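The block underneath contains the structure these notes are about, expressed in structure tokens.
The values are calculated or read from the model by the stated rules, or taken from the named source; none is laboratory data. No experiment lies behind these values; they were computed from the predicted model shown. Using ideal geometry, Cβ is built from the backbone for each residue, glycine included, and neighbour counts are taken over all protein chains shown. Heavy atoms of the whole protein, side chains included, go into the accessibility calculation; ligands, DNA and RNA do not. Shrake-Rupley method; radii C 1.70, N 1.55, O 1.52, S 1.80 Å.
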Amino acid sequence: MKFSLILATVGRTDELQRFLESLGLQTFRDFELLVVDQNPDDRLVPILAPYGALFTIRHLRSERGLARARNVALPRATGEIVGLPDDDCWYPPEYLEGIARFFDSHPEQAAFCGRYLNRWGRPRGWWDSEAGPVTKMNVFKRAGSASMFVRRSATEVLGGFDETLGLGVTTPWKGGEDIDYIARAVLSGLPVHYGPGLDVFHDDPPPPDARQVERARGAACATGRLLRIHKFPLWYVAYW
């Protein structure tokens, strides 16, 4: 089993270095990393270069937009399983080995979602504590791109990410492209499993400032967009 890890990045170097170091420590070694670079310069070239001897790195370019970047890389993925790490997450050493073991033992599952933990090992966000299937009604508490893995055969059914959603878009909906992708999967009948315990590390948000407030506003707009396009009931909209 081979993984294709699609990482879109812009403006970050130290965080990317940390993620690369975590890949170098993985006990499971059959993977490729597709870095989709949205920087206007070559700042990533010297960061990526030393790791090319440890694992396969494919350095791609795209215009701004998280969903757009992932769509650039998806047709180039050669692995059986596609992962979507954020550029400010990092993996425990046995993480990919655990994900591979899950897909090996659950051939019926089209995708897997886990939690985010902060650097102190505490869940970051509104994650469910119980394992089980992802459904339309629990997707907001069971899906996030950094801990999401999808069989490539399922990505061929689902197509690309919605480029009107996500960070870097020109629309108001600056988030939610990952939730939308998994919601589309379960609504099309593809089985998706949520498994807390196979978790990634992810930075906590920085302290609130004007930029974070604007980002939160964009994420809230994206949530509203998802509630509308997937026709959630009014009581569920009121809850969120």
- Query: Under a 1.4 angstrom probe, counting protein chains only, how are Asp162, Asp30 ranked by accessible area, largest first?
  - Reply: Asp30, Asp162
- Query: Using the Karplus equation 6.51 cos²θ - 1.76 cosθ + 1.60 (θ = phi - 60°), what ³J(HN,Hα) coupling, rounded to whole Hz, does each residue of region 179-187 give in order, writing x for Gly and Pro?
  - Reply: 4, 4, 5, 6, 4, 4, 4, 5, 6
- Query: Suppose every K and R has +1 on its Cβ and every D and E has -1 on its Cβ; what is the size of the dipole of region 1-150 about the Cα centre, in Debye to the nearest 20?
  - Reply: 360
- Note on the structure: For Lys141, counting only aspartates and glutamates whose alpha-carbon sits under 15 Å away and dropping same-chain residues fewer than eight positions off, the answer is Asp128, Glu130, Glu177, Asp178, Asp180, Asp199
- Net length gained if the chain between Asn39 and Trp240 were fully extended (0.36 nm per residue, minus Cα distance): 68.9 nm
- Highest GNM mean-square fluctuation, the chain, Cα pairs closer than 10 Å: which of Arg124, Arg64, Arg211? Arg211
- The long-range amide H neighbours of Ile6, using H built 1.01 Å from N in the peptide plane and a cut-off of under 5 Å, are Leu34, Gly83, Leu84
- Can you list the HN-Hα couplings for region 12-28, worked out from phi with the Karplus curve (6.51, -1.76, 1.60; θ = phi - 60°), rounded to whole Hz and with x for Gly and Pro? 10, 10, 4, 5, 5, 4, 4, 5, 4, 4, 5, 5, x, 9, 5, 6, 9
- What does the charge add up to near Lys2, with Lys and Arg as +1, Asp and Glu as -1, over the other residues with Cβ less than 11 Å from its Cβ? -1
- Query: To the nearest 20 debye, what is the magnitude of the charge dipole of region 145-240 about its Cα centre, counting +1 on the Cβ of each Lys and Arg and -1 on the Cβ of each Asp and Glu?
  - Reply: 340
- Note on the structure: In the chain the DSSP beta bridges are antiparallel at a rate, in percent to nearest 5, of 35
- Unit charges on C-beta of K, R, D, E only; dipole of region 1-71, Debye: 220
- Note on the structure: Rounded to whole Å², per residue accessible area for the chain with a 1.4 Å probe reads 47
- Label-point separation (nm) for Thr135 and Glu80, each offset 7 Å from Cα along Cα-to-Cβ? 3.0
- Item | Residue-averaged 222 nm ellipticity for the chain, from DSSP H runs of 4+ at -39500 (n - 2.57), nearest 500 | -9500 deg cm²/dmol
